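J.: Take a look at the following structure, please.
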Amino acid sequence: MSASGGTRAIVAALGANLAIAASKFVAFAFSGSSSMLAEGVHSLADSGNQFLLLIGGKKAQREATPQHPFGYGRERYIYAFLVSIVLFSVGGMFAIYEGYEKIRHPHDVEHWYWPVGVLVFAIIAEGFSFKTAIKESNELRGKLSWSQFIRRAKAPELPVVLLEDFGALIGLVLALGGVGLALLTGDGVWDGIGTVCIGVLLVLIALVLAAETKSLLLGEAAGIDEVKQIEAAIVDGDTVTGIIHMRTLHLGPEELLIAAKIAVQHDDTAAEVASAINAAEARIRAAVPIARVIYLEPDIYSEAEAAKGPDREATPGGPAPHPADH
């Protein structure tokens, strides 16, 4: 992911949410609409989300230290996880509670033009933020569907902002519907129902984001296309004849660790093997620029070792690899 692209989307969302949150709280003060209060807390939580994402991005840029030799790239995953669990869930559970109370003790919506006007303004502002997130995401999404992009993206910022803005727009429509029905029927229960719907929506989005960021925190491998590029770059068909096994791991959205045991000819000299490894590392970095940490271990390929497991498949261009050390 382009860090600048993610930052642009975050800043656009932050500016929109701060303005929207202020307007929603003003509308709540004049109208007493619980939907407006829930939406105000939602926008305030979203603003906190963007602050956390910006902090995570800043902390992730720190240089590696002896205590953290692989750097701090995963800070972005940690802060994205906080966004999904703490702020989204807090916003969602507050909305559900507020809606439940409004259903139990309904009251009329006063000064209807305040919530309606603010909701229309909020839809326009959120639409601008959502459009920015879509534009930045399209530069990276390629042929992936939106669900595939959210599931496979290694950088958490754009998926978080996309789901935030999408949820915000749906929430605004729900709030507008709840306020509208309350005004048409004269029954404030509809305002409470709209508020509960907003809370349920936020909790569902929180669960989706939590699942995705949890996977990133646990450690995800490189994408399928990147793995193929790495495999093609390692094997030169001369000194490096195949890949015995390989592991990849994202140290951060833009940092990839590669560890592989490679097959070399049994009569190659140490100098020839060292030269071949250096050349392979250069090819890997040229093919996949985010490959920052590379460990290649030479070994002599063994048919007996390769035959030990049923899941050991051949690597194109080289002898059959196996995933276990020998």
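The values are calculated or read from the model by the stated rules, or taken from the named source; none is laboratory data. What you are looking at is a predicted structure, and each value in this text was computed from that prediction instead of being measured. Cβ sites come from the backbone with ideal geometry, for glycine too, and all protein chains shown count toward neighbours. When the accessible area is computed, the model is the full protein with side chains, heavy atoms only, and any ligands, DNA or RNA have been set aside. Shrake-Rupley method; radii C 1.70, N 1.55, O 1.52, S 1.80 Å.
J.: When the helices in the chain are scored as -39500 (n - 2.57) per DSSP H run of 4 or longer and the sum is shared across all residues, what 222 nm value do you end up with, to the nearest 500 deg cm²/dmol?
T.: -22000 deg cm²/dmol, from helical runs alone.
J.: Reachable aspartates and glutamates from K261, Cα under 17 Å, same-chain residues fewer than 8 places away excluded?
T.: E231, D236, D238, E272, E281, E297, D299, E303, E305, D311, E313, D325
J.: Additional query: Candidates (1) 0.99; (2) 1.31; (3) 1.04; which is the computed Cα Rg over 2.2 N^0.38 Å?
T.: Structure-derived value, by its label: (2).
J.: Longer than 27 Å from Cα to Cα, which of K24/K58; K102/K135; K58/K143; K58/K135 are they? Say none if no pair is. If you can, show how the numbers build up before the last one.
T.: Numbers: K24/K58 30 Å; K102/K135 38 Å; K58/K143 30 Å; K58/K135 23 Å.
Beyond 27 Å: K24/K58; K102/K135; K58/K143.
J.: When all C-alpha to C-alpha distances in region 13-129 are sorted into bins of 10 Å, what percent of pairs does each bin hold, rounded to whole numbers?
T.: Spelled out bin by bin, region 13-129 gives 14, 33, 28, 14, 8, 3, 0 percent.
J.: Still on this model: In square nanometres, what is the average projected area of the Cα convex hull of region 143-196? Walk me through the numbers on the way to the answer.
T.: On the way: hull surface 18.3 nm².
Orientation-averaged projected area of the Cα hull: 4.6 nm².
J.: If you project the alpha carbons of region 104-178 onto the principal axes, what extent comes out on each, in Å, largest first?
T.: 48, 27, 17
J.: Pop out the ³J(HN,Hα) list for region 252-259 in order, Karplus 6.51 cos²θ - 1.76 cosθ + 1.60 with θ = phi - 60°, rounded to Hz; leave Gly and Pro as x.
T.: Ordered by residue, 3J(HN,Hα) equals x, x, 10, 9, 10, 9, 10, 10 Hz.
J.: May I ask you to list the lysines whose Cα is less than 16 Å away from that of K214, ignoring any residue fewer than eight positions away on the same chain?
T.: Result set, ordered by chain and number: K154.
J.: Tell me, what is the 1.4 Å probe accessible area of V293, in Å² to the nearest 10?
T.: Accessible area of V293: about 30 Å².
J.: Would you tally the net charge around G237, using a Cβ to Cβ cut-off of less than 13 Å, leaving G237 out, and scoring K and R as +1, D and E as -1?
T.: On the way: positive: R283; negative: E231, D236, D238.
Net charge around G237: -2.
J.: Follow-up question, since we're still on this one. Count charges around G56 for me, please; just the other residues with Cβ under 11 Å from its Cβ, Lys/Arg as +1, Asp/Glu as -1. It would help to have the intermediate numbers written out before the result.
T.: On the way: positive: K58, K59, R74, R76; negative: E75, E157.
For residues surrounding G56, the net value is +2.
J.: Under a Cβ-only charge scheme (Lys and Arg +1, Asp and Glu -1), can you give me the dipole magnitude of the chain about the Cα centre, in debye to the nearest 20? Let's see the in-between values first.
T.: On the way: 25 positive and 36 negative charges, 147 e Å.
Computed charge dipole of the chain: roughly 700 debye.
J.: Using alpha-carbon positions, what is the distance between the centroids of region 3-60 and region 102-157, in Å?
T.: 11 Å
J.: Carbon and sulfur: what percent of region 1-147's accessible surface (1.4 Å probe)? Show your work: numbers first, answer last.
T.: On the way: 5000 of 7270 Å².
Ligands and nucleic acids excluded, carbon and sulfur give 69 percent.
J.: Considering only protein heavy atoms, what per residue accessible area in square angstrom results for the chain with a 1.4 angstrom probe? Provide the component values of the computation, followed by the final result.
T.: Numbers: 15330 Å² over 326 residues.
Ligands and nucleic acids excluded, the result is 47 Å² per residue.
J.: What is the sum of charges around A222, taking Lys and Arg as +1, Asp and Glu as -1, for the other residues whose C-beta is under 13 Å from the C-beta of A222? Spell out each step's value before the answer.
T.: Working: positive: R152, K154, K228, R247, R292; negative: E220, D225, E226, E231, E254, E255.
That works out to -1.
J.: Okay, next question. Show log10 I(q)/I(0) for region 5-70 at q = 0.12, 0.14, 0.17 Å⁻¹, two decimals, from a solvent-free Debye sum over equal Cα scatterers.
T.: For the requested q values the scattering log ratios are -0.43, -0.53, -0.65.
J.: Could you state the orientation-averaged shadow area of the convex hull built on the Cα atoms of region 116-246, in nm² to one decimal?
T.: Values: hull surface 41.5 nm².
For region 116-246, the mean projected area of the Cα convex hull comes to 10.4 nm².
J.: Let me ask you something else. Just the C-alpha atoms of region 55-122: what Rg/Rh do they give, with Rh taken as the Kirkwood radius?
T.: Details: Rg = 20.9 Å, Rh = 15.9 Å.
With Rg and the Kirkwood Rh in hand, the quotient comes to 1.31.
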